[in-house]
Structures are given as C-alpha cells and as structure tokens.
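Written below as structure tokens is the structure these notes are about.
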Number of protein chains: 2
Amino acid sequence: MLNFTYDIPIKIYFGKDQHKKIAAHLKSYHNILLVYGQNSIKRTGLYSTITKELEKSNISYKELQGVQPNPRISSVRKGITLCKDHHIDFILAVGGGSTIDCSKAISAGFYWKEDPWTMFEHNNETHLKEALPLGCILTLSATGTEMNRNAVITNQETQEKKAIHVDCIRPQFSILDPTLTYTVSAHQTACGVVDTMSHIFEQYFSNTKEAYLQDRLAESLLTTTIHYGPIALQQPHNYEARANLMWASTLALNGLLTYGKETDWATHGIEHALSAITDVTHAVGLAILTPAWMRHVLTEETSEKFSEYGRNVWNITEKDKFKAAEQAIQHTQDYFTKTLHMPKTLSDINVKEDQLEKIADKAVSNRAIGRYKKLNKPDILEILKDAL
Amino acid sequence: MLNFTYDIPIKIYFGKDQHKKIAAHLKSYHNILLVYGQNSIKRTGLYSTITKELEKSNISYKELQGVQPNPRISSVRKGITLCKDHHIDFILAVGGGSTIDCSKAISAGFYWKEDPWTMFEHNNETHLKEALPLGCILTLSATGTEMNRNAVITNQETQEKKAIHVDCIRPQFSILDPTLTYTVSAHQTACGVVDTMSHIFEQYFSNTKEAYLQDRLAESLLTTTIHYGPIALQQPHNYEARANLMWASTLALNGLLTYGKETDWATHGIEHALSAITDVTHAVGLAILTPAWMRHVLTEETSEKFSEYGRNVWNITEKDKFKAAEQAIQHTQDYFTKTLHMPKTLSDINVKEDQLEKIADKAVSNRAIGRYKKLNKPDILEILKDAL
C-alpha cells in the first residue's frame, strides 16, 4: 500500500426529498447562480421545486442554462461574466457531470485573472487556490464529480478536452436524491453503470501490491453496481436500485479506491481519443474498449489479478487462473452487451478501420499511457483492432 | 437505504514515516499540549522523534502524560487546566483510543463552562459547539476514534462510562503510520482485530433493507481484517498487514458503514456492563460475547443475513440457510479463539454464574438494547449464560 493523504471534506445530503431542503443550505448566501443543462429539469418539475424553494427563502438567483454534454469553455466564460455582473456568491449546479464540471470551472474561473481556458493549460493547477463556493443537486449517477476535485472542459475551437484537479473546486455539498434519477432513460442508466464500472476498473487493476483493502472495496462497488444495473433498467422507479447505483457511482471516484494505489486510466485515455474523433458517447466507447483492453493486458502474470476479479465479482470457480481470467473478461463483455444492451464492437458504432490510426495517435500524443501496463501506439492499435 | 448526511472532514496522513512530518501540520500553532499514555512511546523512541521535530520547528509544548486505558475524567480535568494555564492552542494526541478520547474530551472541555463530566450527562451534546483544534498520531489499530466524532470517558467516582458524539471534537487530522504498530504485542494486536470486527458487526447486522452497498463494504473490511489478523500476529513487522489492519480499523468506524442504515450495538452494551463489573479487557469481552449474541439473534428470519455473511466472508457453500448461518457463527468463534487465541467463555476469564444477573441489570439499565433484535434482561441473561 502506498502512502496517501485522505481529504474529502465534501458534505453529502443523501436520500429521498433531500433536494426539497435546498434553501436550508444556502442561508448565508445572497446571490446564487443556478447552472443547469437542457430542458429536462423543467420537464421533470425539478426546476420549479428548486426555484420555489429559493424564492420562499428570499434567495435571489440568476441562471446559466443550456450547459451541454462535454461542457464547453464558452459556457464557462458566460458563467464567469454572470457571476461578476450579478455579484454571485454561490453557484448551485443542478444536473449531471457536465453541469457540475462547468460549474466547477466557473467557480475557479471567477478568481482567475486570465481567460479561463488558461486554467486548463500549462499545468496551471498549482496556481488555482480560490473558487466561489459551490453546491450540487445531482440528477444522474455516473461521473462521481459531485464528490471530487476534478473538472473536464472542452474547447471547441482547439478541439481539446482538458481537466483540472484542484481542491478549491470541490463542492461544499452535494445533494444525492435517488428519486431524481427515476426519469433517466434505460440507455442513460446503462451508460452510468458502465461509467461507474470503468472508473472502478481504472483504479482496481494496478501494480501496487497488497492494497488489499482497496481491492475489496472496489469489488464491493462493482458487485453493487452489477447487481442493481439491470434492476434499474427494468424498474426505473425502484428506489433501492437507484440509491445503491447513486452512492456507488459517487464512492467510485471520490478517492476512496485510489488512496494508497497506483491507478491506470489507459482505457479512458483511448476512449477520449475515440469520442473526440467519432463523437460516440463516452460510456458506449468504454463498454466497447474495456474488454479489448482487458484482453490486451492479460498475461500469465496479470492472470492472477483477473482471476481474483472473476472469483470475487463474478463467482467464477474455474481453478486454472488464465481460464478464469478469460471467463471474467467474457462476463464483463456479456454484462455490457447482453444485460445493458451496449454495442459490442467499434463496427457497431460505424467506426471504420482507416480511422484507427488517427485515434491511436491522438490517444498517445507522444507518450505512453496507462500504468498497469504501459501502452504505446502499437498496443493501442491492437486494442482498437480487437474491438473493431 | 435510509437518508443520511455524510460529513467526514478529517484529514488522514497515511503511511510510512508520516509521523516524522508532524511539525509541518502544526505551523500555525504556538503552544501544543502533547497528550500520551504510559511509557510505551518513550520506550519505542516515538516520544523522542516527535519532541525533536517540535523543537526543531520552535513549536513550544506542554505534556499531559499517563492517560490510562479507559481514560478518566480526572485526566480530562488535568488536561483542561494545563490548556488554560499555558495558553494551549492545539492538542496533539499520541497513542491509541484512550489517549485520543481523553484529548477529545479536553478539547471540548476547554470551552465548557462547567465541570467536564457534565458534558457527558443530561444529553448535553447539542450544547457542545466549540473545541480546541486536535490532531492525532495513532499507535494502535482498533477503536476508529482517530476519524470520528466520538469520545468515551470513565468517571471512577460514580463508576460510570459515558460517551459524547459531537462534530466539534473531530480531529483536524490523524497520522496513521503502520510502522508505529510494529511493537504492539500479539495479544493487543488480536484485541484490535476483534474490536474492529465487532464495530463492523454492530453496523452490518441491521434491519435496514437493501443497504446493499454498505453491506458489501462491511464485508470488504471484515475480509481484510480476518486475512491480515494472523499475519500481523506471526509477523509483527509485516508492513502490509499492519497497513491494511490500520486502514480497515479506521474505516470501520468513521461513518462509512453506518450512513444509510440502522445499527445495533447490543454486544457493545453488554460488554460495557461486563467490563465495568469484571474489569476484563473490552476486546476479550467482545470475543466471548459476540458468538453468543449471534446465536441468540439467529432465527429462521435472520438466517438469511447470517448465511449471506457466511457466504461472502467465510466462503461457506452450504445451501441450507440455517446451517450456513450456524457455520458462519462457528467460524467467527473459531477465528477468535483458535486464530487470535482469545478466551472462549466467561468461565475462562473467571466470571461466575452469580455475577450474570448484575451484569444483565447494568446492561439494560431500564431499557431494551440493540436494534437488530431488541434485547431485554432475560435475553441478555440467556446470552451471558450461553457464553459462560
């Protein structure tokens, strides 16, 4: 186990009707910026509930609406201007990962003297010390951003997607009300499940020896997510399924699984290149690439870890380690494709063989990715071809 | 899953040599109260390391030494006086649960206008809002107090042991350096393992339906603790064993397993009565009472949960639920007695049958205990007789 500093001061208000108490958490603020995405929070009545609560408590608010999936630096700029013009002292993000990431970037960008895109360039992270206070009402179980220090923003002009990881953008609180995810479609729910599982895999497969506890915790989150995924698909109003998926997706990327370990993140690296070039949904890309990555990194040496994964997560009883590992990978792929109805191959999403080179180039951008096994361009091409 | 508020702002500096960086965390303080127990930290050289670090950084300190197991309100009073006399602005607890609990009580007692024992009486918790900042260097993996809001203090005059649970006594940080537990004796190590497992059981066995994720997390911590217990006993300098046990014992009682669930705590209730009357070590009492409690609450209805425990923690494959449950309980008892060398019965620790009535009386003190199954005096007597 590696040394680590555990530091997660974000409050979580979890459960039924928690979002109705929003005003209670905002008493010491005067001008709120309400950030949200497209119209879904108006359609579901959530917008109306929140704004009524704010009005009842005489909390004044401005709105930044229309934050898109893969949130853009242009929305961040717009948000910063609103904050300055209206003396905003608190940002309330209502939505999924995109809305929250955009809000995080606005919160730090408010104090940043240059254009906010420069926060994402040149490893400026150490200079990011101050941000407007931020709270979240989560409507989608997937990214885990509601309980961490990360934000990913896209610059449409430069075709870049970059991240910051800093303490100052951590939300003060996040409201996790599972009932708010009842209206999430089956496909979006499946995407959230894949996203959560992929986050866990990126931390689970590691060269750190004897981070035994972290591995068992990771298996708990995987088991829970795998168990409730199909239940939520079939019964969208099943509270326990929604609650377990929500809390699992949050814990999957709040640091708990990473502390004390080296982590991988190669599959995410390849997927970011894939979705930048093909515009495929992130989780769909992950569902296709994950089994291919697993098969690529499976060796006699890593079969120990993969067979452990199979035994503890999929109840595989096969004694031969390599065979057990192969079965575990097959179970993973079957779960994605048969249980969650995700596409199986890159061909299924109309990626052509002649695009693979470009994707591989973008994924490596001159350096190897991944830590469980370092991947260079030829490795990535092999993974992409296997996934075709 | 029940609604909950997650709030754990305590920083953990985990790993090898972390305690040597103590001065870096104390830069903004001027007068430290160093609280510790008997002479073990002097014997191991830890006292010398810490005081040298403080002196190197020109941090002045006073000492409260001699805090005993089952820390006493008299030590708390002494500590408060020292804080007032020497303008203490930070308390540094170096030791196990007793030293930390005593320090927590001092930190709140400093601002408390009456005698500190009154903090523990009359549900005064809501009035406890302020405390001196506190940091811990942990030397024993067991109680979990280093990452929670609890403190238990004994009043020798009134023969009472009482607890407070308040936010203001949470440490600012705790340093968890597994190498500091290398010198913990085999018996004390075994006691820590039992203590940790008992904390997990009290939260695991619950009537809350579908706190599925919390149950899987609890099983992760149990599996880890059970795995590394005997390794630490046989190889006291095994870093991975000490590290996994330390982190597991901390996570076992920091709130993670409790959030979203009803919890039990009957076994602790009975044990506190047992140790108040017989002076047995807390964990020894727990090791004897836990299997007896399990057998008492095992019914057709609860056999589902106990068989799940058996399957997920002890790899029991027996199909019949009741039989699987009985096997799981037997495994638990065998682990305590054969692997950890704990006494098996109350007779083994010289408790006599004519003491049981008094213990049961003290345990109930006019109201039923436990939530998984409510226990009245006859239930407790049955458990005690079974454990005799």
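Inspect the range A:114-137 for any residue being in contact with a Lys or Arg (Cβ under 8 Å, 6 or more places away or on another chain), crowded, with 24+ Cβ neighbours inside 10 Å and over 27 Å from A:Ala273 (Cα atoms) and give the result as yes or no.
There is at least one residue in the range A:114-137 that is in contact with a Lys or Arg (Cβ under 8 Å, 6 or more places away or on another chain), crowded, with 24+ Cβ neighbours inside 10 Å and over 27 Å from A:Ala273 (Cα atoms).
What tally of residues in the range B:110-164 results from selecting those that are in contact with a Leu (Cβ under 7 Å, 6 or more places away or on another chain) and part of a helix (DSSP H, G or I)?
Final tally of qualifying residues: 2.
Taking A:Leu289 and the conditions (1) touching an Asp or Glu at 6+ places or on another chain (Cβ under 6 Å); (2) more than 22 Å from A:Pro230 (Cβ to Cβ), which numbered condition does it fall short on, given that it satisfies the others?
(2)
For the range A:33-74, what are the residues that are in contact with a Leu (Cβ under 9 Å, 6 or more places away or on another chain) and basic (Lys, Arg)?
Matches in the range A:33-74: A:Lys62 only.
Please pick out the residue among A:Ala266, A:Ala243, A:Ala252, A:Ala211 that is more than 13 Å from chain B (Cβ to nearest Cβ), touching a residue at least 60 places away in the same chain (Cβ under 8 Å) and at negative phi.
Values: A:Ala243 fails: more than 13 Å from chain B (Cβ to nearest Cβ); A:Ala252 fails: more than 13 Å from chain B (Cβ to nearest Cβ); A:Ala211 fails: more than 13 Å from chain B (Cβ to nearest Cβ).
Exactly one residue qualifies, and that residue is A:Ala266.
Could you please find all residues in the range B:1-53 being within 8 Å of chain A (Cβ to nearest Cβ), in contact with a strand residue (DSSP E or B) (Cβ under 6 Å, 6 or more places away or on another chain) and of a type in the set (S, T, N, Q)?
Across the range B:1-53, the qualifying residues are B:Thr5, B:Gln18.
Being part of a helix (DSSP H, G or I) and within 9 Å of chain B (Cβ to nearest Cβ), is that true of even one residue in the range A:184-203? Outline the logic, then answer.
From the range A:184-203, those part of a helix (DSSP H, G or I) are A:186-203; that's our starting set.
Among the residues that remain, those that are also within 9 Å of chain B (Cβ to nearest Cβ) are: none.
Looking through the range A:184-203, none of the residues is part of a helix (DSSP H, G or I) and within 9 Å of chain B (Cβ to nearest Cβ).
Any idea how many residues of the range A:295-305 are free of Cβ contacts under 8 Å to residues at least 40 places away in the same chain and under 26 Å from the mean Cα position of the chain (by Cα)?
1
In a helix (DSSP H, G or I), within 26 Å of B:Phe14 (Cα to Cα) and within 14 Å of another protein chain (Cβ to nearest Cβ): does that describe B:Tyr259? Can you show your working first?
Working: in a helix (DSSP H, G or I): no; within 26 Å of B:Phe14 (Cα to Cα): yes; within 14 Å of another protein chain (Cβ to nearest Cβ): yes.
Considered against the rule, which asks whether it is in a helix (DSSP H, G or I), within 26 Å of B:Phe14 (Cα to Cα) and within 14 Å of another protein chain (Cβ to nearest Cβ), B:Tyr259 comes out as no.
Filter the range A:275-324 for residues that are within 27 Å of A:Lys209 (Cβ to Cβ) and in contact with a strand residue (DSSP E or B) (Cβ under 9 Å, 6 or more places away or on another chain) and give the result.
Across the range A:275-324, the qualifying residues are A:Trp293, A:His296, A:Val297.
Inside the range A:260-292, can you point out the residues that are of a type in the set (Gly, Ala, Ser), more than 15 Å from the chain's Cα centre (by Cα) and over 18 Å from A:Asp379 (Cα atoms)?
Hits for the range A:260-292 are A:Gly260, A:Ala276.
Being farther than 14 Å from B:Leu388 by Cα and either in contact with a Lys or Arg (Cβ under 7 Å, 6 or more places away or on another chain) or β-branched (Val, Ile, Thr) (or both) is the requirement here; does B:Ala276 meet it?
Working: farther than 14 Å from B:Leu388 by Cα: yes; either in contact with a Lys or Arg (Cβ under 7 Å, 6 or more places away or on another chain) or β-branched (Val, Ile, Thr) (or both): yes.
Yes; evaluated as a whole, the condition is true for this residue.
May I ask you to list pairs of residues, at least six apart or on different chains, whose Cβ atoms are under 7 Å apart, with the first in the range A:102-113 being touching a residue at least 12 places away in the same chain (Cβ under 8 Å) and the second being of a type outside the set (A, V, I, L, M, F, W, C)?
Once the first residue is touching a residue at least 12 places away in the same chain (Cβ under 8 Å) and sits in the range A:102-113, its partners that are of a type outside the set (A, V, I, L, M, F, W, C) give A:Cys102/A:Pro71; A:Cys102/A:Ser75; A:Cys102/A:Gly79; A:Ala105/A:Pro116; A:Ile106/A:Gly79; A:Gly109/A:Pro116; A:Tyr111/A:Glu130.
Quick note: the coordinates plus some simple rules give every number you see, no bench work behind them. It should be emphasised that the depicted structure is a prediction, and the values quoted were computed from it without experimental measurement. Ideal geometry is used to build each Cβ from the backbone, glycine not excepted, and the neighbour counts take in all protein chains shown.
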